[in-house]
Each structure stands twice: as structure tokens, then as C-alpha cells.
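Here's the structure, in C-alpha cells; my notes come after.
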Amino acid sequence: MQSIKGAVLYEHNELVVVENMELGDPGPGEVLVEMKASGVCHSDWHVVKGEWWDIPIPVVLGHEGAGIVQSVGAGVTNVVPDDHVILSWMPSCGLCEACQIGRPNVCYKQPRSTATARVGHSGKDIPFLSGLGTMSSHAIVSEMSAVPIDKSMPFPQASLVGCGVTTGVGAAINTAQVQPGSTVAVFGAGGVGLSVIQGAVIAGATTIISVDLLDNKLEMAKQFGATHTVNAGDGDPVEAIKDLTGGLGVHYAFEAIGLVPEPFVQAIHATRSRGTTVWVGHAPLETAVTLDARDLMWEKTVIGSMYGSARPHIDFPRLIALYQSGKLKLDELITRSFPVEDVNEAFKVLGEGKVARSVLTFD
Ligand code: ZN
Ligand code: ZN
């Protein structure tokens with residue numbers, strides 16, 4: 001047993017409590033990780049706000065993290081103590097049909113750790129969100145969630161690869177397979193939307209239109225490679241996108257907000273004939289989207305993207321290589337850094353749209 005501290009959500013829409021807890025040893029196939037940084041992702045905020053009420057609470061929050069392997073359980077061969085790792089919230093079994101065809105991001109089994117931490121004063125055993133719980137000084141995760149990385153990689157930047165960057169860049173590169181010289185529209189300029197923009201840049205798109213309601217985020221979008229910006233508060237963003245693309249619409253549109261129905265449909269309307277729309281945003285449960293039956297008639301495609309269609313053991317090191325070669329901006333994504341004790345402030349600035357990404361630290 002060792003003492004740890006982590007951000008626990010007890011009640012929806014209430015302040016998160018940073019608890020001192022006790023954590024045991026990793027079981028077979030599990031890894032104990034000392035967390036060094038955790039991104040603050042909108043998905044955690046969905047959980048806090050009760051918009052994903054199917055996730056049981058209380059729970060140790062966080063699913064975007066990087067740290068150092070402290071110890072390993074029986075049978076673990078993928079990592080050894082002192083390895084630096086990024087944590088994947090989609091551990092894969094390797095054997096199901098999805099894994100065997102190279103799509104571990106939609107593994108049918110998802111062998112997550114079911115480890116819990118004990119709160120001393122209440123005796124409660126609290127699970128870790130997504131089998132990770134990265135807003136905690138330590139966590140026990142599945143071996144398949146621990147992806148070893150280059151030790152020169154700074155942890156805050158590495159942590160973002162664990163969710164938002166992989167989700168966004170992967171949606172452009174893996175899911176949509178954006179082509180050189182193509183036109184792209186990205187709805188939403190948060191951490192994921194900015195990463196979609198970066199993915200489109202890396203893929204060679206030449207027109208990249210960022211759509212958001214906040215001018216400060218549209219300014220960020222330009223820094224990350226958007227060639228044009230559209231404030232959706234100024235009028236119909238679909239018309240604005242068509243005006244920027246010779247009346248045709250874009251080859252690829254991405255919904256990277258995941259809050260309300262409209263952008264999911266606007267993204268489809270913003271594509272040209274045979275265009276592809278990728279739904280990246282993970283909306284509140286029961287968000288109903290209404291389509292016109294003719295919306296897809298011009299041979300349009302709509303595809304969901306789960307974790308940027310990533311194969312974490314391939315894609316995490318590639319994203320790091322892109323960062324190290326100056327082709328992927330991660331430093332610029334980190335707007336704020338907070339000690340874990342200030343997790344509620346981090347959620348507040350997220351809700352206000354003031355940050356690209358915040359990162360929590362544990363010293
Ligand atoms: Zn996330
Ligand atoms: Zn599988």
C-alpha cells in the first residue's frame with residue numbers, strides 16, 4: 001500500500017475533491033504508474049457535468065496522462081520500471097476481430113484495469129476513470145494502456161498525446177485520410193479541434209477553415225495552421241464555408257465540439273459532393289441529431305472517429321517524432337498548468353473557453 005492523492009468526483013455538478021487515498025500493488029497484467037502530468041479534457045468535464053451519466057461515480061477523474069512506470073504485476077513484459085509511458089484509454093486485447101484487422105481503437109474487449117483506490121476516512125474504494133484516472137499522483141492501469149516513449153519527451157506535452165492530440169490529428173490522418181491539396185473545415189477550436197487542424201496541415205490540406213464562436217479560439221486556430229476562420233455567431237457557417245470554397249463546400253468536414261446537435265449537421269452540409277464528414281466530438285448522452293433524408297444524396301460519407309482511429313503503440317511514438325521534428329505543435333497547446341489541488345480552477349477555465357488545454361501536475 002502507498003499513499004496517493006487524486007481528483008475524485010462524488011456528485012455531478014459539484015466541486016471535485018482532491019483526496020488522499022491508499023493504493024495497492026498492480027495485479028497480473030497491470031502496471032503501477034507514477035503520474036507526471038494529466039491533461040484536462042472536455043470528456044472529464046462531460047462526466048463532471050453529469051452529461052455521461054452512464055459512468056458510475058464516485059470516480060477518480062482523468063484519462064489523458066503520462067508518467068513513469070513504478071512497478072509491474074505478474075506477466076507484464078511490455079514495460080519495466082522507470083519506463084516513461086503515455087497512457088491509452090483504449091487498451092486492446094490483440095485477439096478480437098477489430099484488433100486482428102488493425103483497428104485496436106475499437107477493440108471488442110477493451111481489457112481495462114479494474115483497480116481501485118481506498119479513501120481512508122470513508123473506507124470507500126474508488127475506481128479510476130477509463131481504467132486510468134490520470135488526475136491522480138499514481139494509478140494502476142492495464143499493461144496494454146502503457147505505451148513506452150522516448151525519455152527525452154517532456155511529460156506535459158506527452159500527456160496530451162494520450163487523448164486530445166491523438167483524437168484530433170488521428171481523425172484527420174487516419175480516419176478521414178485527408179489528401180494533399182484538399183479543403184477542410186473544422187468545427188470547434190478546442191484542444192481536439194486544434195489538433196484536427198494540425199493533422200490537416202501535416203496531411204497537406206491547403207485550405208483549412210476553422211469554425212468557432214469565440215474569437216480568441218479562432219486566433220489560436222490560425223497559429224495552428226488554419227488558413228481561414230469563421231465565427232459561427234456572425235451568420236450561417238455553412239454559407240461562409242461555401243463562399244470560401246468556390247461555392248462547392250469542403251472535401252472534409254470535422255465536428256470537434258460535441259456539445260449540441262447543430263454542428264454535426266452543419267458539417268455534413270459544409271461538404272461538397274462525395275465529401276466526407278467525420279464526427280469527432282463526443283456529445284452528451286441522448287443528443288439527437290436530425291438529418292434530412294437527402295443530406296447524403298450526393299454520395300456523401302459520414303463516419304465516426306474513435307480515438308482518432310489510432311493504434312496507440314504505433315501512433316503515440318509517431319506523434320512524438322512529429323513533435324520532435326517541429327511538425328506538431330504541443331508546447332503551444334498548453335495554455336495553463338495547475339497543481340492537481342487546483343483541478344476545479346482548471347475545469348472553470350475549460351468551461352469558459354479560455355484555454356486550448358490545461359495540464360495538471362502532481363508535485
Ligand atoms: Zn479526452
Ligand atoms: Zn481486441
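The values are calculated or read from the model by the stated rules, or taken from the named source; none is laboratory data. Because the structure is predicted, anything quoted here is derived from the model rather than measured. In this analysis, Cβ positions are derived from the backbone assuming ideal geometry, glycine residues included, and neighbour counts consider all displayed protein chains. The protein model used for the area step is the full one, side chains on, heavy atoms only, and it has no ligands, DNA or RNA in it. Shrake-Rupley method; radii C 1.70, N 1.55, O 1.52, S 1.80 Å.
Being over 21 Å from the mean Cα position of the chain (by Cα) and not in a loop (DSSP other than H, G, I, E, B) is true for just one of VAL69, VAL79, VAL85. Which residue is that?
Result: VAL69 is the single residue among VAL69, VAL79, VAL85 that is over 21 Å from the mean Cα position of the chain (by Cα) and not in a loop (DSSP other than H, G, I, E, B).
Let me confirm something: among VAL169, VAL186, which residue is part of a helix (DSSP H, G or I) and closer than 30 Å to GLY246 by Cβ?
VAL169
In region 340-363, which residues are hydroxyl-bearing (Ser, Thr, Tyr) and under 23 Å from MET220 (Cα atoms)? Break it down stepwise before answering.
Residues of region 340-363 that are hydroxyl-bearing (Ser, Thr, Tyr), as a first pass: 358, 361.
Passing the criteria: only SER358.
Taking strands (runs of 3 or more DSSP E) that do not extend beyond region 220-322, which have at least 1 residues that are open to solvent by less than 30 Å² (accessible area, probe 1.4 Å) and charged (D, E, K, R)?
250-255
Within the set of pairs 6+ apart or on separate chains, which have a first residue in region 1-21 that is without any contact (Cβ under 8 Å) to a residue 60 or more places away in the chain, a second that is surrounded by fewer than 16 Cβ atoms within 10 Å (Cβ to Cβ) and in a strand (DSSP E or B), and C-beta atoms under 7 Å apart?
Listed by first residue and then by second, the contacts come to MET1/GLU22; SER3/ASN20; SER3/GLU22; TYR10/VAL17.
Residues checked against (1) without any contact (Cβ under 8 Å) to a residue 40 or more places away in the chain; (2) away from ligand 2 (no atom under 16 Å from the Cβ); (3) surrounded by fewer than 24 Cβ atoms within 10 Å (Cβ to Cβ):
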site: ASP44; (1), (2), (3): no, yes, no
site: TRP52; (1), (2), (3): no, yes, yes
site: ILE55; (1), (2), (3): no, yes, yes
site: PRO58; (1), (2), (3): no, yes, yes
site: HIS63; (1), (2), (3): no, yes, no
site: SER71; (1), (2), (3): no, yes, yes
site: VAL80; (1), (2), (3): yes, yes, yes
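Can you pull out every residue in region 283-307 that is of a type in the set (Phe, Trp, Tyr) and either farther than 14 Å from THR271 by Cβ or not assigned by TED's automatic domain parsing to the domain that holds ALA172 (or both)?
Correct list: TYR307 only.
Do we have CYS93 as within 10 Å of ligand 2 (Cβ to nearest atom) and buried (at least 19 other Cβ atoms within 10 Å of the Cβ) here?
When the stated conditions are applied, CYS93 does not pass them.
Restricting to region 17-42, what's the tally of residues that are open to solvent by 10 Å² or more (accessible area, probe 1.4 Å) and touching a strand residue (DSSP E or B) at 6+ places or on another chain (Cβ under 9 Å)?
13
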